[in-house]
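*Asks:* What follows is a structure written as structure tokens; I'll ask about it next.
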Amino acid sequence: MLIILTGLPAVGKTTFAKNLAKELSNYDVDVIVLGSDLIRESFPRWKEEYEEFIRVSTLKLIEMAIKKYWVIVDDTNYYNSMRRDLIKICPDNYAIIYLKAPIEEILKRNEERGKKVPDKVIKEMSLKFDEPGKKYSWDKPFLVVDTTKEINYKEIVKSLLLYSKDKKEEKKERSKVSKKDEIDKRTRKIVGEIIKRGLEKERIKELLQLRKEFIKSLKHDDVDKALKEFKDLLNKHNFSL
Ligand code: ADP
């Protein structure tokens, strides 16, 4: 599962990400926290022209990691376009967690940690911040966390595990439906080709009925196996393929 954090600098994302990862690991989930600061802080100084490299390489890193682990993205992600780029990596199983606190509290925390980010930048960001879910339904937060209140990590982990399980089942169901559609389409094509080669009216009726019953009684969704079974059935009824 891809967990996308979003919130202003100093709202408490890194603290939240670390605690959430720890709690997830207690439930035996292999999870990694990634964010653009990992790459950004690997440069000895900052330049605007580094930012595109930082953005792309962070996305690549997440893309690699999600194949094996749960990923928590610790970044501000203040534009919905940033969240969209992340969702594209794992569209079937993601959760946006929106961390919030009053701006005065955020500025106070920023002050306390030695103004890592200038106040001016945080204020500007708060004006530009795209409220998650305000414009698009895919952008709706799974959870909104007020970081001035106590955070129950156990509860959050439990709901994430349930949500992820649902999403996995939905995906499985979707793939089942598409496999059934494939079997339907391919058997229809076989029947069409036999008819095209020329058959008596009664035999056409028999062939159509045979396919109908075959699809109805099919108990699995293995495309290759189903096609072999269908062809065997046609052979048995003397339809030449
Ligand atoms: P971000 O990753 O959003 O920039 P951090 O997690 O680094 O924020 O936290 C910024 C500051 O706020 C740190 O000094 C941290 O100790 C403090 N902090 C984080 N979460 C909380 C919280 N829930 N309550 C109080 N202080 C917090």
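The values are calculated or read from the model by the stated rules, or taken from the named source; none is laboratory data. It should be emphasised that the depicted structure is a prediction, and the values quoted were computed from it without experimental measurement. Cβ: placed from backbone, ideal geometry, glycine included. Neighbour counts: every protein chain shown. Accessible surface areas use protein heavy atoms only, side chains included; no ligands, DNA or RNA. Shrake-Rupley method; radii C 1.70, N 1.55, O 1.52, S 1.80 Å.
*Asks:* So for the pair SER57, SER81, with labels modelled 7 Å out along Cα→Cβ, what separation do we get in nm?
*Replies:* 2.3 nm
*Asks:* Right, something else. Once the Cα atoms of helix 51-65 and of the chain are each reduced to a long axis, what angle between those two axes, in degrees from 0 to 90 to the nearest 10, is obtained?
*Replies:* That works out to roughly 50 degrees.
*Asks:* When a/c is below 1.5 the answer is rounded, else prolate if a/b is larger than b/c, else oblate, so apply that to the range 175-237 with a ≥ b ≥ c taken from the square roots of the Cα gyration tensor eigenvalues.
*Replies:* The shape class here is prolate.
*Asks:* How much accessible area per residue does the chain have, counting only protein heavy atoms and a probe of 1.4 Å, in square angstrom? Don't skip to the end; give the middle numbers.
*Replies:* Details: 15300 Å² over 241 residues.
For the chain, the per-residue accessible area is 63 Å².
*Asks:* So, one more: For a quick check of understanding: with a 1.4 angstrom probe and all protein chains in place, what accessible area in square angstrom does ILE103 have, to the nearest ten?
*Replies:* Accessible area, nearest 10 Å²: 50 Å².
*Asks:* In degrees between 0 and 90, to the nearest 10, how far off the longest principal axis of the chain does helix 223-236 point, with axes built from Cα atoms?
*Replies:* Roughly 10 degrees between the two axes.
*Asks:* Rounded to the nearest 20 Debye, what is the dipole magnitude of the range 49-147 about its Cα centre when Lys and Arg each give +1 and Asp and Glu each give -1 at the C-beta?
*Replies:* Details: 19 positive and 18 negative charges, 33 e Å.
I would put it at about 160 debye.
*Asks:* So, one more: Would you list VAL121, VAL144, VAL157 from the most to the least accessible area, probe 1.4 Å?
*Replies:* Final ranking, largest accessible area leading: VAL144, VAL121, VAL157.
*Asks:* Also: Can you tell me how much longer the chain between LYS123 and LYS88 gets when fully stretched, taken as 0.36 nm per residue apart minus their C-alpha distance, in nm with one decimal? Don't jump to the answer; show the numbers that get you there.
*Replies:* Numbers: separation 35, 0.36 × 35 = 12.60 nm, distance 2.90 nm.
9.7 nm is the gain from fully extending LYS123 to LYS88.
*Asks:* Now, a different point. Rounded if a/c is under 1.5, else prolate if a/b beats b/c, else oblate: with a ≥ b ≥ c from the C-alpha gyration tensor eigenvalues square-rooted, which is the range 31-104?
*Replies:* oblate
*Asks:* Can you quote the Å³ per residue value for the convex hull of the Cα atoms in the range 27-179, rounded to an integer?
*Replies:* 152 Å³
*Asks:* Could you work out how far helix 201-217 tilts from the main Cα principal axis of the chain, as a 0 to 90 degree angle to the nearest 10?
*Replies:* Compared with the principal axis, the helix lies near 40 degrees.
*Asks:* Let me ask something else about it. For the range 175-237, what relative contact order do you get, as a whole percent, if you take Cα pairs closer than 8 Å and at least 6 residues apart?
*Replies:* 49 percent.
*Asks:* Once R0 is set to 25 Å, what does the formula 1/(1 + (r/R0)^6) return for the Cβ-Cβ distance between LEU199 and LEU227, expressed as a FRET efficiency to the nearest 0.05?
*Replies:* FRET efficiency, LEU199 to LEU227: 0.80.
*Asks:* Further question on the same structure: Name the most mobile residue of GLU131, GLU48, GLU182, meaning the one with the largest mean-square fluctuation, in a Gaussian network model of the chain with Cα contacts below 10 Å.
*Replies:* Of the options given, GLU48 has the highest mean-square fluctuation.
*Asks:* By a straight-distance test (C-alpha under 30 Å), which lysines pair with LYS205 as possible cross-link partners, with residues fewer than eight away in the same chain excluded?
*Replies:* LYS176, LYS179, LYS180, LYS185, LYS189, LYS196, LYS216, LYS219, LYS225, LYS228, LYS231, LYS236
*Asks:* Of all the accessible heavy-atom surface of the range 111-177, with the other protein chains kept in place and a 1.4 Å probe, what percent is carbon and sulfur?
*Replies:* So the carbon and sulfur contribution to the accessible surface is 53 percent.
*Asks:* Please give, to one decimal in nm, the separation of the simple spin-label points placed at GLU105 and GLU155, each 7 Å out from Cα toward the Cβ.
*Replies:* Each label point is offset 7 Å from its Cα along the Cβ direction, giving 1.5 nm.
*Asks:* Can you tell me the order of 199-207, 104-112 when each peptide is scored by its average per-residue count of other Cβ atoms within 10 angstrom, highest first?
*Replies:* Descending packing order for the listed peptides: 104-112, 199-207.
*Asks:* I would also like to ask the following. Bin all alpha-carbon pair distances of the range 120-239 at 5 Å intervals from 0 and give each bin's fraction as a whole percent.
*Replies:* Cα pair-distance distribution for the range 120-239, in percent: 2, 8, 12, 12, 10, 8, 6, 6, 6, 7, 6, 6, 4, 3, 2, 1, 0.
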